[in-house]
Each structure stands twice: as C-alpha cells, then as structure tokens.
Amino acid sequence: MTDDVDVGVLRKGTEGLSMADYAEALRERLPDHNVAHARTPAEERELVRHVPVVTGVGIDEALLDRAERLRLFACAFSGVGHLPFDALRERGVAVTNAAGIHAPGIAEQVLGYVLSFARRLDEAWRRQQRREWRHYRAHELTGSTVTVVGLGAIGTAVVRRLAGFDVETIGVRYTPGKGGPTDEVVGFDPDALHDAYARTDYLVLACPLTDETRGLIDAAAFATLPPEAVLVNVARGPIVDTAALVDALRAESIRGAALDVTDPEPLPADHQLWTLENCLVTPHMGGHTPEHWPRLADIVARNVRELDASGLLAPSSRGDSQSSPLDDGLPDLENLVLPSR
C-alpha cells in the first residue's frame, strides 16, 4: 500500500459478493484516481493510515485509530447502526451509506410475492409436482388495497411498480404531512395504523428497524388484518413478532406471509415457518442482483469526484491529522448520514 491511494476498499463483503469486484467497479468509474483493495487484516491496517476515502461494510475503532487522514467512510450497507458513530464524529469523518441501491430489486421481489399469492402460484407448483391437472380458483390483484409501511427508496419503488395494477395504496410514514406517492398517507398513531390494517389486502413492510417499529406487527395487528390479508416483510425481521406471525398463519387468521427477513435470522432449520404452506421464505436476497456493486460504485465515485473538486483529496489537505471535513466544510455528498452537527 502506498500513500497516494485515494480510495481504500476493505475486505469484508456483503451478500456473498466479492469486494474485489466492487474495487474494480470503482476503478472503472475513477480512472484518474488510485483505488486499492485490502485483502488481509494487515493490508487493511496499512491502507487506512494514509487514504482519505475508505469504503466497506463497517469500520471498527481499532482501524479508525490508525486512520491519520480519513475524510469519508462510504458504508456498503444502507443501515449504519453498527458503525461507531461517536468515534467517527470525534475524528471528523463523514459517513455515507448505500441507501437506494437495493430498491429496484427488492421492489420487484415484493411484486413477485404479491402476484404469487394473488394468482396462487404456490398451489400451481404443488399440483405440478403431483402431475395433477385439476382446476383451482385464484385471486386478482386488481381492486386490492396495498399498505406500504415506509416510504423511503424501497417503499416508493414498490408503489411505483404497483401503479399499473389498479390497486388502492396506503402509505405509512413518520411524517404523514409530507405526503407521498400513495393514495393515502397515515402516521404511526395506533388508531390510524389499525384503521389502515383493517382495510389491507397486502401489507408490505419496507421501513427501518427503530424503537417505534420493533414488534410493530404483533398479535393485535394480526387480529385487525382481514383473514384474506398477506404480510410481506422486506424490511427487518424484528419488525414482526414471529410467535404472533406463526400463530396467525397456523390459525389462518391471515392468508399468508412472504418473508425475505426473519427473526431469528438466519432462520433455524427446525423453525416452524419452514413447514407452513402459507408462508414463503427467501434468504434475505431481495437486493442481491448483479447491479449491487455498480449502483454503489456510482454513488461513491460521484462523492469522490466532489471531494476531489473541493480540494479535500489533495495531499496538502491531508497533511494535518487533526483537520476535519466537519471543520473545512463538505461539498454536497450523496447519501450523507454524518456529520450531524
């Protein structure tokens, strides 16, 4: 590793994807910058000493202690709750995330789930396995009500893809006054939520896991949802009370569930959810497409060029280990989540 590296890529990958491929995607977009990929812990420790931009799934305080000139940590996750924010803030390191890069793939996954339940494709598969030519009645998505909890990049992408299906949409967000792409927007007030649940055919969870959303879909929610309702969770497992979900599925108090995330996760091999015919489980892969690294590399490359144009990547701007982008003033970076002061 040399001290003329502009962007350092850490070794830990995500969703089974190679960080070497991510580094190559960055090189293609930043031909005038030096991008280095650390393959070992020793290489990581050496790399962070001199590089102004580091990107990866996470960075711990041990690595931060070695980072003498770090300006930006570009997190390869949308969620950043695992990062040592106090240490990053203390060292004046800006942080961006990967929000939005998964939205197209996850939104398509949601549509696949919904259409599978609407057209009862699971029953078609079972009858095919038995070589059984026997008619059954499916449903129509047309005229249904779809409630989407969370109107960020993923929720918005879901709503846009539903536009051609002649459905009613209800959006749930923290600040309903901001409106949204849905026919109706409500907040997290319990009465408003349960009013929405009672009218819902497909309940799509696309919100972050917070103190307010943890356990949001509990026994009371399942009691309010109509018996024909289907739950779709592409957010985080703990947003749903798993025991209450199992009870609802077994009692058929809802029609079914499609889960790309679970609690616990990974789902143990002996868990009841695997055995329920009205539950579709996928292994947290809704955003895992060939566009994962290209989309993230687009964001990071744009931010690197912004930093460069502002002079923050020049060696002279990195000579003082105490200098901070929070002090110097940052350019307009995409997906900036820190600084917060």
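Any residue at all in the range 263-272 that's buried (at least 18 other Cβ atoms within 10 Å of the Cβ) and in the same structural domain as Leu111 (by TED's automatic domain parsing)?
Step one: filter the range 263-272 for residues buried (at least 18 other Cβ atoms within 10 Å of the Cβ), giving 263, 267.
Narrowing further to those that are in the same structural domain as Leu111 (by TED's automatic domain parsing): 263, 267.
Within the range 263-272, one or more residues are buried (at least 18 other Cβ atoms within 10 Å of the Cβ) and in the same structural domain as Leu111 (by TED's automatic domain parsing).
In the range 197-210, is there at least one residue being touching a Lys or Arg at 6+ places or on another chain (Cβ under 7 Å), modelled with pLDDT under 95 and over 27 Å from Arg120 (Cβ atoms)? Yes, the range 197-210 has at least one match.
For the range 243-259, the criterion of being part of a loop (DSSP other than H, G, I, E, B) and closer than 25 Å to His288 by Cβ is satisfied by no residue at all.
Give the residue that is surrounded by the fewest Cβ atoms within 10 Å (Cβ to Cβ), with candidates limited to residues of the range 11-62 that are free of Cβ contacts under 8 Å to residues at least 24 places away in the same chain and within 20 Å of Val93 (Cα to Cα). Out of the qualifying residues, it is Ala62. Here the condition is being within 13 Å of Val300 (Cβ to Cβ) and hydroxyl-bearing (Ser, Thr, Tyr); of Thr55, Thr14, it holds for Thr55 alone.
Mind checking whether some residue in the range 141-156 is surrounded by 10 or more Cβ atoms within 10 Å (Cβ to Cβ) and touching a His at 6+ places or on another chain (Cβ under 9 Å)? Within the range 141-156, one or more residues are surrounded by 10 or more Cβ atoms within 10 Å (Cβ to Cβ) and touching a His at 6+ places or on another chain (Cβ under 9 Å). Taking the criterion of being outside any strand (DSSP E or B), without any contact (Cβ under 8 Å) to a residue 60 or more places away in the chain and either in contact with a strand residue (DSSP E or B) (Cβ under 7 Å, 6 or more places away or on another chain) or not charged (D, E, K, R) (or both), the residues of the range 63-76 that qualify are Leu63, Leu64, Ala67, Leu70.
The residue pairs whose first member lies in the range 122-133 and is assigned by TED's automatic domain parsing to the domain that holds Gly112, whose second member is not in a helix (DSSP H, G or I) and not hydrophobic (A, V, I, L, M, F, W, C), and whose beta carbons are closer than 6 Å, counting only pairs six or more residues apart or on different chains, are Glu123/Tyr136.
Each row is one residue, and each column tells you yes or no for (1) without any contact (Cβ under 8 Å) to a residue 60 or more places away in the chain; (2) aliphatic (A, V, I, L, M).
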residue: Tyr136; (1), (2): yes, no
residue: Thr142; (1), (2): yes, no
residue: Val149; (1), (2): no, yes
residue: Gly155; (1), (2): yes, no
residue: Val159; (1), (2): yes, yes
residue: Thr169; (1), (2): yes, no
residue: Thr182; (1), (2): yes, no
residue: Val185; (1), (2): yes, yes
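Report yes if some residue within the range 263-281 is in contact (Cβ under 8 Å) with a residue 12 or more places away in the chain, outside any loop (DSSP other than H, G, I, E, B) and closer than 21 Å to Gly187 by Cβ; otherwise report no. There is no residue in the range 263-281 that is in contact (Cβ under 8 Å) with a residue 12 or more places away in the chain, outside any loop (DSSP other than H, G, I, E, B) and closer than 21 Å to Gly187 by Cβ. Of all residues in the range 163-173, none are of a type in the set (Asp, Glu), part of a loop (DSSP other than H, G, I, E, B) and crowded, with 17+ Cβ neighbours inside 10 Å.
The values are calculated or read from the model by the stated rules, or taken from the named source; none is laboratory data. Given the structure is predicted, the values throughout are model-derived calculations rather than measurements. As a convention, Cβ positions derive from the backbone with ideal geometry for all residues, glycine included, and neighbour counts pool all protein chains shown.
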